[in-house]
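Every number in this text was worked out from the coordinates using simple rules, so none of it is lab data. In this text the structure is predicted, and so the values were computed from the model without any measurement. Heads up, the Cβs are rebuilt from the backbone with ideal geometry, glycines too, and the neighbour counts pull from every protein chain shown.
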Amino acid sequence: MTCSRRTFLKNAVKGAIAGALPVAAFRLLSPAQARSAVEDASVRWGFLVDTAKCVGCGMCVKACKLENEIPYDAPVTRTWVERYVVTRDGRTHADSPMGARDGFTDRKIHGGEAIDPSEIVKAFFVPKLCNQCDKPSCVQVCPVGATYATGDGIVLVDRSWCIGCGHCIMACPYGVRFFHPVHKVAEKCNFCYHRITKGMKPACVEACPFGARHICNLKDHDDPVTRIILNERVAILKDEYGTKPNVFYLGLDHNVR
Amino acid sequence: MKSHVLRPLWVAIAFVALVLLARYFLVPDDFGVHGESFTYNFYRAGNVQEWKDFPVKFRGSAVCVDCHSENEEMLAASLHAAIQCENCHGPGLDHPESGDPGTMILNRGRALCLRCHADLGYAGTSRAAIPSIDPVRHNVDSACIECHEPHNPDLEDME
């Protein structure tokens, strides 16, 4: 086979153009354009927790377990409420018996000695649930593609696809995931996806009599809850993990982990 | 080409082909990247609808009062107005359609009231703003509803 200088140069140029084409094809779509191509691009679900309003009644946890068919007496739950009591000696006492399924009716923390009210500097309750992160570490580690983020930002688990390896349970920095005792797959809060996609509120939001929990569409800037997140001073949990959580907290204390 | 060196290669190629063939039949058609990112949006698209079809249990008080208007006015004017019917009466599920009380187990216990009304002594919190009792001293053997009307818990109106 002979190759003149002319043919070599021609083919070299052709080859370079052919090689550059796929790269150019990838760059045609900006991230914003790609996002608009995704279904439900006008919705991005977010959540607001007003910790000052929570009284630790646990009605949210009870409603969640019944709504989402989580075995009632198993020590697992999609959402839970934590109690924090800071005492004069500088110690922080925290507990969440059964995820606060039955609320907090006792001054004893972890079943220990009851703390005398005169010793308490501050006490508060913090509801926790899945943060539906923009960059969910639980999804990154799934080896089979059984957990994923939907177009509207909810992280779901495909029960028929999950192999129950438990990587995601360990990867979540918020400890939100657990192993479903009946279905034998990973389980997590999904903001009651079956309710919010029908225009209803999540079961926990509806059950809360004190307005401590709110669902919102972060892309709708006229949504009153979204306006609070945009305008007020809100905090997120474990910012340092870079997961970009979408549950925002009003009045979050530095003791909360 | 008969070579003992190449023989393992054919075995390897056959194995890969077998895996690809099995994958072709076993992986559903709608499994793939649906969205911006291979990392976060690699899934079976049909599962989204499966989650949307999950049955709703808590129907909301607005559905209850369509038929049960007897306590509606009293409750709306009371301190318990913000509490959903189903918080105490149990999730409605398909009760509005079938009339079957099914999952609706009415909770009359002290434990239900104590969720909010047990005195924890956390001064300055919204919990402390709720009228509360010491559960081990206040009429221990009685159910709360023997004296207090849950649909109108105002102590002034107590009989």
With charges only on Cβ, +1 for K and R and -1 for D and E, what is the dipole size of chain B about its Cα centre, in debye, rounded to 20?
1820
Which entries of A:122/A:244; A:62/B:52; A:62/A:184; A:135/A:188; A:128/A:184 have Cα-Cα distances beyond 19 Å here?
A:122/A:244; A:62/B:52; A:62/A:184; A:128/A:184
Work out from phi, with θ = phi - 60° and the Karplus expression 6.51 cos²θ - 1.76 cosθ + 1.60, the ³J(HN,Hα) of each residue of segment B:135-146, listed in order in whole Hz, and give x for Gly and Pro.
x, 8, 10, 7, 6, 3, 8, 9, 6, 4, 6, 5
Ranking of B:104, A:200, B:158 by count of other Cβ atoms within 10 Å, fewest first:
B:158, B:104, A:200
Hey, what did chain A get for relative contact order, percent, Cα under 8 Å, at least 6 apart?
25
Ranked by how many other beta carbons lie within 10 Å on average, peptides B:68-74, A:187-193, A:42-48, A:56-62 from highest
A:56-62, A:187-193, A:42-48, B:68-74
Diffing segment B:102-110: the Karplus 3J(HN,Hα) column from phi (6.51, -1.76, 1.60, θ = phi - 60°), in whole Hz with x for Gly and Pro, holds x, 7, 7, 9, 5, 9, 9, x, 4
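Determine the shielding of peptide A:81-89 by partner chains: average, over its residues, the number of Cβ atoms on other chains within 10 angstrom of each Cβ. Before the final figure, lay out each step's value.
Values: counts 0, 0, 3, 0, 3, 0, 0, 0, 0.
Rounded to a whole number, the mean comes out at 1.
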Around residue B:120, which amide H atoms from residues at least 5 apart in sequence, or from another chain, sit under 5 Å from its own amide H, with H modelled in the peptide plane?
none
Amide H contacts under 5 Å for residue B:59, placed H, 5+ residues apart
B:92, B:93
All-pairs Cα distance distribution in segment B:61-157, expressed in whole percent, bin size 5 Å:
2, 11, 19, 21, 19, 14, 8, 4, 1, 0
Exposure proxy check: A:72, B:43, B:24, A:174 ranked by fewest other beta carbons within 10 Å?
B:24, A:72, A:174, B:43
How many times 2.2 N^0.38 Å is the alpha carbon radius of gyration of chain A?
1.33
Phi angles of segment A:102-115, converted by Karplus (6.51 cos²θ - 1.76 cosθ + 1.60, θ = phi - 60°) into ³J(HN,Hα) in whole Hz with x for Gly and Pro, give 9, x, 10, 10, 9, 7, 6, 10, 6, x, x, 6, 5, 8
Skipping prolines and chain starts, which residues have an amide H placed within reach, meaning under 5 Å, of the one on residue B:31, given they are 5 or more residues away or on another chain?
B:45
Along each principal axis, Cα extent of segment B:106-159, largest first, Å:
30, 23, 21
Relative contact order of segment B:7-52, pairs being alpha-carbon contacts under 8 Å that are 6 or more residues apart, as %
24
